[in-house]
Each structure stands twice: as C-alpha cells, then as structure tokens.
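Just dropping this structure here.
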Amino acid sequence: MKQIIFAALLLMCPAMAVNAAELSNDTVVIEKVADVVNLDSDDDFWKDKHVMIKSKSQKWDVDPYMYLGFNTMLGAPSEYKFNLWPSFDLGFGLLGEWMPYGKKNVWGLGIGIDWRYYRMDDATYWEKDLTTGVMGLTDYQVLQSDRRTSLSEFSLQVPVTYTHYFDKELDWGVTLGAIVNFNTGAHVTREFTYQDEDYEVETGSIHQRPVTVDGLLMVHTPGDVAIYCRYCPMKFFRDGYGPKMNQLSFGIYF
C-alpha cells in the first residue's frame, strides 16, 4: 500500500511541474519531467505511463504488532491445576526494525503491553497468608456454587528480536528473541454463588516477580501471520511467596 501511494504521488508531480513551467517559462523543469515520465503527444496524458522508481534499500521501519494465545503454568505442584481455556495471552505494541544487510535479516527492538490471564480448577481458590504474605490454595465451601478461580498479570514489555526470512517474498521466516517484562500488576480473583448471592473477591499484592525475561520463538507464514511460543525460565512468584511455576504462552502473532 505504501508503494502504491508513493507511485501515485510521483505521477502527480510531473503535472504540477508542467504548470510551474508554464508560469515561469522555465524549460529546464520540462526536461527534468521528461526524464521521469515519457510524455507522448499522441496519447492521452493519463494513459500508458510507466514510471521506474529506483530508491535506496530501506534499512529502518516501525511496525505495530499484536498477538493472541493461550496460557498455562509449567512445573507447578499437582494441586495447582491450570486450565488452558479460557486462559489467554493478549499483547500489542510497536516494533522498530533494523535491516542493515537487506530485508531478509531483521533486528527488532520494541515496546508494548501484555495481559496474561490464567483460569484454574474450580475446587480451590488462591488465598494469601495475612502474616507472611505467602500465596497458597484453600478449598471452597461445599455450599458455594458457580466457582471460578483466576490469576491475572499485567506487564510493560520490551521485545528484542532477530528474524531471518528464507524467501525473497518474505513469507517464510523464523524469529528468535527475548521479551523483558516489567510486571507492574498482578492479582488473584475468586467468584462464587452462595445462597443465591454472587460474590467476587480480589486479592492484590501477591508478590509476583517484578521483572522477568521470556524466551521467544516465532515461525512466520504467508499472510503476515506468525505462530509464536514464549517461555519464562524465571519463577512467577518471588522466592518464598508461592509455588514454583513457569509461564508458557503460545498462539498467533499479527
């Protein structure tokens, strides 16, 4: 689309230059226009124009990105049961791209935001020890129905990536990189119904690790869509404040 708009502007430039020449009687402008567009007096001005655009290869670019996927936790104790659905991973931002050796090799540095939501089994819920601040599980009461337990985390992120494309159309490629996450907020929520009343209890300050780094792998396919997977080797909770578990997300990247 950018190339089409640029070409249309070039087609408009000769007409504007001709008008300027008529006002100033400057024949040099006409000669320069003739070098870009071949004007044949026998043809209509707007027909059969062939413009050759020769520009230096672009080495910098900025692109928006968005991804949507699924979440789970790896390595958690057996009593911590995370459901793949409706857990989700949602993020978007801007990625600056540097292509010093051509468009097949791209280095990227960006900034964005991310929201990870984890749904758990409905038999237990998260509870924080008021004395120590340690997070653990507690059983719902028998008379509590429509139970839902979740964990959410919001992050500012800085992705650092390298992408290599295998074909000149830039359809197929692989991205390797890391995502630095500044985990600014996290909380757990339990929802249930008791004696025909609906309740929702949210607990914050759960001592999530404030900064984590994810390893990133993406496979690019035709249509500007990629499949991504990211894994965090760092534990979700700070040491001593919760079960040891690692975040894993995968899905599609636009």
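No value in this document is a laboratory result; all are computed from the given coordinates. Everything numeric in this text was worked out from a predicted model, so none of it was measured. Every residue, glycine as well, gets a Cβ built from its backbone with ideal geometry; the counts of neighbours run over all protein chains shown.
Within region 205-229, how many residues are under 18 Å from the mean Cα position of the chain (by Cα), free of Cβ contacts under 8 Å to residues at least 60 places away in the same chain and assigned to a strand (DSSP E or B)?
Within region 205-229, residues that are under 18 Å from the mean Cα position of the chain (by Cα), free of Cβ contacts under 8 Å to residues at least 60 places away in the same chain and assigned to a strand (DSSP E or B) number 14.
Does Thr163 satisfy the condition of being closer than 18 Å to Gly93 by Cα and either among the polar types (S, T, N, Q) or over 22 Å from the mean Cα position of the chain (by Cα) (or both)?
yes
Can Glu202 be described as free of Cβ contacts under 8 Å to residues at least 24 places away in the same chain, assigned to a strand (DSSP E or B) and either buried (at least 17 other Cβ atoms within 10 Å of the Cβ) or charged (D, E, K, R) (or both)? Let's see the steps before the verdict.
Values: free of Cβ contacts under 8 Å to residues at least 24 places away in the same chain: yes; assigned to a strand (DSSP E or B): yes; either buried (at least 17 other Cβ atoms within 10 Å of the Cβ) or charged (D, E, K, R) (or both): yes.
Yes.
Within region 131-178, restricting attention to residues that are in contact with a Pro (Cβ under 9 Å, 6 or more places away or on another chain) and charged (D, E, K, R), which residue is surrounded by the fewest Cβ atoms within 10 Å (Cβ to Cβ)?
Here the residue is Glu169.
Residues that are more than 23 Å from Lys235 (Cα to Cα) and over 16 Å from the mean Cα position of the chain (by Cα): does region 67-86 have at least one?
Within region 67-86, none of the residues are more than 23 Å from Lys235 (Cα to Cα) and over 16 Å from the mean Cα position of the chain (by Cα).
Only residues that are free of Cβ contacts under 8 Å to residues at least 40 places away in the same chain, polar (S, T, N, Q) and surrounded by 14 or more Cβ atoms within 10 Å (Cβ to Cβ): list them for region 183-198, please.
Selection gives Asn183 alone.
Could you please find all residues in region 156-182 being without any contact (Cβ under 8 Å) to a residue 40 or more places away in the chain and in contact with a Leu (Cβ under 7 Å, 6 or more places away or on another chain)?
Ala178, Phe182
May I ask you to list the residues in region 95-130 that are among the basic types (Lys, Arg) and either in contact with a Pro (Cβ under 9 Å, 6 or more places away or on another chain) or over 18 Å from Gly204 (Cβ atoms) (or both)?
Scanning region 95-130 gives Lys103, Lys104, Arg119.
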